[in-house]
Structure formats: structure tokens, C-alpha cells
Amino acid sequence: MKRKVLFLCTGNSCRSQMAEGLLRHLAGDHFEVVSAGTHPVGLNADAVEVMKEIDINISGHRSKRVDEFLGQQFDYAITVCDRAKETCPIFPSAAALLHWSFEDPAAVQGDETTRLAEFRRVPDQIRERLLEFISGGLSATPAS
């Protein structure tokens with residue numbers, strides 16, 4: 001049986017979408033994964049581009065409001081930005097509430113080269129955290 005994971009951020013445009021795509025790519029046979037935002041703003045084109053560079057297609061994703069998932073059972077609810085952690089509704093049905101803070105690549109100012117460099121850095125950080133999560137998540141029972 002797959003464990004259910006909900007990734008949360010503010011806009012559901014970059015970090016949570018990247019995390020969703022990465023976890024599905026790395027361990028989709030073990031996890032059912034979705035993402036949502038407290039104030040969804042649409043999928044970020046730069047996020048789609050850098051994920052495509054690592055052969056993960058998130059172009060079919062859409063920004064979803066966290067309210068769509070209230071009342072659903074999750075093994076893990078994981079916030080990936082500080083603002084979402086502060087404003088996220090409580091998920092009492094989640095066995096584990098985790099917080100992973102990643103900087104917002106969309107907040108970086110500069111030319112395309114500068115922006116894309118930041119967008120490439122964040123999925124690498126998320127991948128590292130996910131690999132740790134997967135190794136523990138597949139062998140351990142979720143805990144709060």
C-alpha cells in the first residue's frame with residue numbers, strides 16, 4: 001500500500017511542484033503524492049523548464065488550493081516554505097507533519113541565467129532531502 005504525501009507551499013508554483021514531481025519520479029511506486037498551496041498562483045514556467053532538464057515533466061501539473069485536500073488522510077504533510085508553515089491549516093489526519101525550508105527560486109531577481117541557476121539549485125536540495133526521506137520513509141512507520 002502506498003503512503004500518501006502532501007507537499008505544501010504558498011503559491012504551489014515551484015517548490016511543492018518540484019517536490020511532487022521528484023518524489024513521484026524517485027519512488028512513485030511507494031508513494032502517492034500531491035501538492036497544494038495556501039494561495040496558489042499557477043505553475044511557474046522556470047520550474048517546468050528546469051525539471052524538464054532532469055527528465056521530469058511537471059507541465060501537466062496545476063496549482064491547487066490546500067482546501068481541496070482538507071479532510072483527506074495523509075501519511076505525511078510536508079511544508080516546503082516558511083510562510084506555508086505559518087499559514088497552513090492543521091492536518092489532523094496526517095500521521096506526520098514535517099517542515100522542510102527551501103528558498104523561493106521565484107524570488108530571485110536578475111537575468112534569465114541568474115534565475116535559472118537558482119531554479120536548478122532548489123531541486124537538487126529537494127532531491128537530497130527526498131532521498132533521506134525515502135530511505136527512512138520506506139522502512140519506518142510515520143510518526144508525528
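The values are calculated or read from the model by the stated rules, or taken from the named source; none is laboratory data. None of the values given here were measured: they were computed from a predicted structure. Heads up, the Cβs are rebuilt from the backbone with ideal geometry, glycines too, and the neighbour counts pull from every protein chain shown. SASA here: full protein model, heavy atoms, side chains in, ligands and nucleic acids out. Shrake-Rupley method; radii C 1.70, N 1.55, O 1.52, S 1.80 Å.
Tell me yes or no: at least one residue of the range 59-69 is in a strand (DSSP E or B), modelled with pLDDT of 90 or more and within 12 Å of the chain's Cα centre (by Cα).
no
Let's see how each residue does on (1) closer than 19 Å to ILE134 by Cα; (2) at pLDDT below 95:
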residue	(1), (2)
THR10	no, yes
ARG15	yes, no
ALA19	yes, no
LEU23	yes, no
ALA27	yes, no
GLU32	yes, no
HIS39	no, yes
MET51	no, no
ASP55	no, no
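Inspect the range 103-126 for any residue being at pLDDT 85 or above, more than 24 Å from ASP46 (Cβ to Cβ) and open to solvent by 50 Å² or more (accessible area, probe 1.4 Å) and give the result as yes or no.
Let us first name the residues in the range 103-126 that are at pLDDT 85 or above, namely 103-126.
Still in the running and more than 24 Å from ASP46 (Cβ to Cβ): none.
No; the residues of the range 103-126 include none that is at pLDDT 85 or above, more than 24 Å from ASP46 (Cβ to Cβ) and open to solvent by 50 Å² or more (accessible area, probe 1.4 Å).
Which residue, of LEU22, LEU43, LEU26, is among the aliphatic types (A, V, I, L, M), part of a loop (DSSP other than H, G, I, E, B) and either more than 18 Å from ASP104 (Cα to Cα) or out of contact with any strand residue (DSSP E or B) (no Cβ under 8 Å at 6 or more places or on another chain) (or both)?
That would be LEU43, the only listed residue that is among the aliphatic types (A, V, I, L, M), part of a loop (DSSP other than H, G, I, E, B) and either more than 18 Å from ASP104 (Cα to Cα) or out of contact with any strand residue (DSSP E or B) (no Cβ under 8 Å at 6 or more places or on another chain) (or both).
Here's the yes/no breakdown for (1) β-branched (Val, Ile, Thr); (2) over 21 Å from LEU116 (Cβ atoms):
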position: LEU23; (1), (2): no, yes
position: VAL34; (1), (2): yes, yes
position: ASN44; (1), (2): no, no
position: VAL48; (1), (2): yes, no
position: SER59; (1), (2): no, no
position: VAL66; (1), (2): yes, yes
position: LEU70; (1), (2): no, yes
position: GLN73; (1), (2): no, yes
position: VAL80; (1), (2): yes, no
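Output the residues belonging to the range 1-57 that are open to solvent by less than 50 Å² (accessible area, probe 1.4 Å), of a type in the set (A, V, I, L, M) and in contact (Cβ under 8 Å) with a residue 40 or more places away in the chain.
VAL5, LEU6, LEU8, MET18, ALA19, LEU22, LEU23, ALA27, ALA47, VAL50, MET51
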